[in-house]
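Okay, so here's the structure we're looking at.
Just so it is clear, none of the values below were taken in a lab; they were calculated from the coordinates. Please read all numbers here as calculations on a predicted model, not as lab measurements. Every residue, glycine as well, gets a Cβ built from its backbone with ideal geometry; the counts of neighbours run over all protein chains shown.
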Amino acid sequence: METHETPGPETTAPGRARTVLRRWPHAVAGLVSAGLLFGVAELVAAFFSTSSSPLVALGGAFIDITPPWLKDFAIATFGTNDKLALFISMGIVATLVAAVTGLLARRRFAVAQGIILVLAVGMAAAVLSRPATGILDIVPTVVGAVAGIVVLYQLSRLASRAEPGGLPAAGQAEEHDAEPTRAAGSSSRRRFLTFSVVAAVGAGAMLAGGRALSGVRNAAATARESLRLPRPAHQATALPDGVAAEVKGMPSFVTPNDSFYRIDTALAVPRIDPATWTLRVHGMVEEEFSIGFDELLGMELDETWLTLTCVSNPVGGDLVGNAKWLGYPLRKLLERARPQQGADMVLSTSIDGFSASTPLEVLTDDRQALLAVGMNDEPLPLEHGYPVRMVVPGLYGYVSATKWVVDLEVTRFADKAAYWTTRGWSERGPIKLASRVDVPRPFSTVSAGTVMIGGTAWAQTRGIKGVEIKIDDGDWQKVEMATEASVDTWRQWSYEWKGAKEGTHSATVRAIDADGTVQTEERADPVPNGASGWQRVQFTVG
Ligand SMILES: Nc1nc2c(c(=O)[nH]1)N[C@H]1C(S)=C(S)[C@@H](COP(=O)(O)O)O[C@H]1N2
Ligand SMILES: [Mo]
């Protein structure tokens with residue numbers, strides 16, 4: 001109820017129109033606040049995923065829910081401008097909603113605030129409806145909505161004072177002179193306009209800045225999507241038949257990129273535009289040089305199967321994954337640099353400061369250590385080191401597998417220490433011979449009779465000769481070995497346990513590498529150079 005207004009002239013239609021016109025500052029307040037909401041959200045969104053922008057998400061969600069007839073109509077009518085038409089229509093609706101919200105805020109701020117909150121919930125839902133967004137991606141919408149509400153509150157107070165005729169709005173009367181003079185009215189109008197213009201320009205700047213920033217930040221993802229990897233000069237061997245153990249529930253022999261374990265110290269995944277990437281090779285070398293990404297792609301690339309393992313992997317753990325890697329042999333790169341006498345280490349450094357110390361001899365012997373650009377026939381995923389990382393057979397990741405690598409310094413263990421070495425881990429980290437039971441899962445229940453047991457073992461660079469299993473406290477038994485793909489990859493195995501009786505049972509495994517070394521029973525924690533010990537899995541036969 002507009003109890004402060006004198007009835008009379010406003011009860012006629014033209015009178016009401018005049019009243020609404022007089023309130024234009026409130027409509028402007030609504031528009032400016034909406035602009036600010038989207039500006040702030042856009043700027044914040046540059047630090048989250050692409051679809052965390054409420055504008056992008058709303059557009060995407062709208063396209064998704066558009067019925068086909070309307071889509072056809074839009075394409076028939078606007079042709080390739082159909083997206084532009086969509087954004088213009090959305091803009092018109094948003095303008096109307098913003099103006100009405102501003103007008104409502106004049107007397108009932110809570111209602112206007114409620115509308116903004118409801119719309120924010122809708123925008124957050126649109127964000128979450130997008131592929132590849134998570135709950136954190138609603139942060140830009142939330143921050144934007146709060147900014148929009150705060151600015152609307154300020155602006156609508158100023159607008160009430162600036163209204164031509166300047167009658168105080170409800171709840172704001174105490175801040176007004178009882179009889180606003182014309183001079184006071186025009187100075188409040190000036191303040192209102194100044195605030196509005198500043199906020200509007202700020203909104204525009206944040207919107208443009210946010211778009212530009214997310215453009216830069218997305219350059220990596222965009223370049224990655226359009227990258228076609230060159231054909232390898234030497235292809236990886238085709239996987240032989242029978243590399244997978246025939247046991248239901250076994251992990252796949254090749255780990256898909258999106259389920260490959262990820263370990264790094266990066267709070268935000270580095271996004272490197274490959275156009276700006278260079279690798280500097282320097283230190284104790286005869287020839288220092290740098291290479292760029294196109295140059296690297298133009299070199300003779302090799303493909304190799306390799307199982308990566310994390311030093312933090314506990315006995316029986318899954319911080320291990322197997323993939324096909326494409327890259328340039330580090331051996332050849334170092335040949336070009338010509339390491340000097342006395343050098344015994346290559347310190348590889350990531351763009352984010354992480355570093356790894358790899359023995360020079362490991363990078364120059366005949367194993368396939370790669371400066372990798374491809375993983376399972378794709379460019380490296382951003383979180384696995386795009387555009388370039390190292391992969392080295394036989395060494396834990398922390399001393400070899402530097403992602404987002406930009407610098408290789410040939411040096412000496414005596415002179416330099418890598419990231420984890422200074423934090424209590426060994427300066428060298430050869431992968432320990434290991435085996436694990438994948439099926440049955442610990443503490444699961446299986447049916448009596450024949451129980452299929454399956455698992456994995458690895459001894460990169462040497463290969464696995466065999467695996468032995470012990471049921472409960474029985475004797476060690478040989479298991480069925482799946483085909484070996486390469487000495488650098490893990491090897492699966494299976495065991496058919498016949499005549500399993502009901503009750504709680506256990507299976508213990510140990511591997512034997514190609515040299516005949518039997519996996520040690522001695523338990524060691526991952527710190528400082530990797531876990532050891534036999535895995536014993538308990539399960540119920542029921
Ligand atoms: N830049 C960078 N590279 C890194 C790390 C890191 O923290 N930062 N972690 C290393 C460790 S400890 C491991 S086990 C492997 C894991 O590689 P992935 O995440 O591709 O599986 O990356 C290595 N490379
Ligand atoms: Mo690791």
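Would you mind checking the tilt of helix 139-162 against the longest principal axis of the Cα atoms of the chain, expressed as 0 to 90 degrees and rounded to 10?
10 degrees
Nothing charged except the Cβ atoms of Lys and Arg (+1) and of Asp and Glu (-1): what's the magnitude of the dipole of region 447-542 about its Cα centre? Round to the nearest 20 debye.
120 debye
For region 248-325, what is the Kirkwood estimate of the hydrodynamic radius, computed as the reciprocal of the mean inverse distance between distinct Cα atoms, to one decimal in Å?
By the Kirkwood definition, the hydrodynamic radius is 16.1 Å.
Please report the net charge: other residues with Cβ closer than 11 Å to the Cβ of I75, K and R +1, D and E -1.
Value of the local net charge: 0.
Assuming 0.36 nm per residue, please report the length gained on full extension of the stretch R231 to D352 beyond their Cα-Cα distance.
That pair, R231 and D352, stretches by 40.6 nm at full extension.
Give me the percent relative contact order of region 345-401, please, defined on Cα pairs under 8 angstrom at least 6 residues apart.
For region 345-401, the relative contact order is 31 percent.
Any chance you could check the Cα centroid distance between region 56-81 and region 372-398 for me, in angstrom?
Going from one Cα centre to the other spans 39 Å.
Tell me the relative contact order for region 479-542 as a rounded percent, counting alpha carbon contacts under 8 Å between residues six or more apart.
30 percent
With each pseudo-label sitting 7 Å past Cα toward Cβ, what's the D475-T445 distance in nm, one decimal?
The answer from the label model is 3.4 nm.
Could you give each residue of region 358-375 its phi-based ³J(HN,Hα) in whole Hz, using Karplus coefficients 6.51, -1.76, 1.60 with θ = phi - 60°, and x for Gly or Pro?
10, x, 4, 5, 5, 8, 10, 7, 8, 6, 8, 7, 10, 8, 8, 10, x, 9
Given the -39500 (n - 2.57) contribution per DSSP H run of 4+ residues, what per-residue ellipticity at 222 nm results for the chain, rounded to the nearest 500 deg cm²/dmol?
It comes out at -11500 deg cm²/dmol, rounded to the nearest 500.
In region 465-516, which chymotrypsin sites (Phe, Trp or Tyr not before Pro) fall in coil by DSSP and have 16 or fewer other Cβ atoms within 10 Å?
W476
Looking at the calculated P(r) for the chain, what percent of the C-alpha pair distances fall above 29 Å?
Counting every Cα pair in the chain, those more than 29 Å apart make up 66 percent.
So, R0 is 22 Å and r is the distance between the beta-carbons of D294 and V216; what FRET efficiency does that work out to, to 0.05?
My answer for the efficiency is 0.65.
Pull up all non-local amide H partners of V446: gap of 5 or more, or a different chain, and H-to-H distance under 5 Å with H placed in the peptide plane.
Answer set, sorted by chain and number: T540, V541, G542.
Suppose we look only past 17 Å in the calculated P(r) of region 433-542. What percent of the Cα-Cα pairs does that tail hold?
Value for region 433-542: 52 percent of Cα pairs lie more than 17 Å apart.
What chymotrypsin sites (Phe, Trp or Tyr not before Pro) does region 355-407 have in DSSP loop regions with at most 16 other beta carbons within 10 Å?
Taking region 355-407 and a limit of 16 other Cβ atoms within 10 Å, no loop chymotrypsin sites (Phe, Trp or Tyr not before Pro) are found.
R16 to F47: FRET efficiency via 1/(1 + (r/R0)^6), r the Cβ-Cβ distance, R0 60 Å, to the nearest 0.05?
In this case the efficiency is close to 0.85.
Give a residue-ordered list of calculated ³J(HN,Hα) values for region 199-214 (Karplus: 6.51 cos²θ - 1.76 cosθ + 1.60, θ = phi - 60°; whole Hz; x for Gly, Pro).
Once θ is set to phi - 60°, the couplings for region 199-214 become 5, 5, 5, x, 4, x, 5, 5, 4, 5, x, x, 4, 4, 5, 6 Hz.
Could you work out the local net charge near H234, counting Lys and Arg as +1, Asp and Glu as -1, over the other residues with Cβ closer than 11 Å to its Cβ?
-2
Where Lys and Arg each count +1 and Asp and Glu each count -1, what net charge lies around V487 among other residues with Cβ under 15 Å from its Cβ?
-2
Residue-wise, which Karplus ³J(HN,Hα) couplings in Hz belong to region 16-32, taking 6.51 cos²θ - 1.76 cosθ + 1.60, θ = phi - 60°, and x for glycine or proline?
5, 4, 5, 4, 4, 4, 4, 8, 3, x, 6, 4, 4, 4, x, 5, 5
In straight Cα distance, which lysines are under 27 Å from K478, not counting same-chain residues fewer than 8 positions off?
Answer for K478, where 27 Å is the Cα cut-off: K248, K432, K465, K470, K498, K501, listed by chain and number.
Sort M90, M284, M375 so the one with the fewest other Cβ atoms within 10 Å of its own Cβ comes first.
Lowest count first: M90, M284, M375.
Pop the C-beta distance of E335 and S89 into the FRET formula with R0 = 56 Å and round what comes out to the nearest 0.05.
0.35
Only loop residues by DSSP count here, and only those with at most 14 other Cβ atoms within 10 Å; note down the GluC sites (Glu not before Pro) in region 245-299 that meet that.
Qualifying residues, ordered by number: E246, E286, E287, E288.
Can you tell me, using C-alpha contacts under 8 Å and at least 6 residues apart, the relative contact order of the chain as a whole percent?
Relative contact order, the chain: 12 percent.
Give me the orientation-averaged projected area of the Cα convex hull of region 40-146, in nm², one decimal.
That works out to 7.3 nm², a quarter of the Cα hull's surface.
Order these by the 10 Å Cβ neighbour count, fewest first: K465, K324, K332.
Arranged by neighbour count, lowest to highest, K465, K324, K332 become K332, K465, K324.
State, to one decimal in nm, how far the label point of T276 lies from the label point of T517, with both points 7 Å from Cα in the Cβ direction.
4.4 nm
Mind checking the angle between helix 82-105 and the chain's longest principal axis? C-alpha axes, 0 to 90 degrees, to the nearest 10.
Here the helix axis deviates by roughly 50 degrees.
With a point put 7 Å past each Cα toward its Cβ, work out how far L96 is from A238 in nm, to one decimal.
Simple spin-label model gives 6.3 nm for this pair.
To make sure I understand, if each residue's beta carbon is the centre and we count other beta carbons within 10 Å, what order do L326, L296 fall in, fewest to most?
The fewest-first ordering by Cβ neighbours comes to L296, L326.
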